[in-house]
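The values are calculated or read from the model by the stated rules, or taken from the named source; none is laboratory data. Every value quoted in this text rests on a predicted model; they were computed, and no experiment measured them. FYI the Cβ positions are ideal-geometry reconstructions off the backbone, even for glycines, and counts take in every protein chain you see. Ligands, DNA and RNA are stripped out before the accessible areas are found, and what is left, the full protein with its side chains, is counted by its heavy atoms. Shrake-Rupley method; radii C 1.70, N 1.55, O 1.52, S 1.80 Å.
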Amino acid sequence: MSDNWSVIREEVHTYRNYVKRLPKNAEEKAHFCYLLKKEEIDRLLNLKGDGTQLDGVRMYIGGNIIDGHLVPTVHVVVCEKDGDQYNDYNVPASLPHDVAMAAETGIAPMSLMSASTDGGTGSGSSTGGTAPCPATCSGTNILNS
């Protein structure tokens, strides 16, 4: 990761310009950044429940295809250090059969349609809840103006 604000600004503006060229349906679903609140980070780092904290947070970049265009998403997972390696904590090695079938076919089984514990915020699970921008955005700065 760069700490050069010129590089960061250029990359952020490249993405913003890309979003402006998307079809309206995809543009409306795109987010420019995600806020991960301290409370959410603390909740994740304390998931072990034994008084010790986990060691890091990893962000996976995913995407949805909307009207034939890629709209990125971010998924936050807590990590546990093992020597020099940081392993994703409490992430299954494989999906249950019905979830794997849904991923392959794009059809969600009825048992999974109400499986979300929190509407996607991550509360109560080992994934982190984020607040996307828009609507939860920063005040004006070189990255968002």
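Odds and ends about this structure:
- Amide H contacts of LYS48: LEU54, each under 5 Å away and 5 or more positions distant or on a separate chain (H built 1.01 Å from N in the peptide plane; Pro and chain starts excluded).
- Per residue, region 1-60 exposes an accessible area of 75 Å² to a 1.4 Å probe, with every protein chain left in place.
- Other residues whose C-beta falls under 13 angstrom from the C-beta of ILE66 contribute a net charge of -1, scoring Lys and Arg +1 and Asp and Glu -1.
- With R₀ set to 22 Å, the beta-carbon distance separating TYR60 from TYR18 gives a calculated FRET efficiency near 0.65.
- Charge tally in the Cβ shell below 15 Å around LYS48, where Lys, Arg are +1 and Asp, Glu are -1, LYS48 excluded: -4
- Residues whose amide H lies under 5 Å from that of THR73, counting only those 5 or more places away or on a different chain, are GLY62, GLY63, ASN64; hydrogens are built 1.01 Å from N in the peptide plane.
- Other residues within the sphere of radius under 13 Å centred on the Cβ of TYR86, judged by their own Cβ, net out at -3 (K and R +1, D and E -1).
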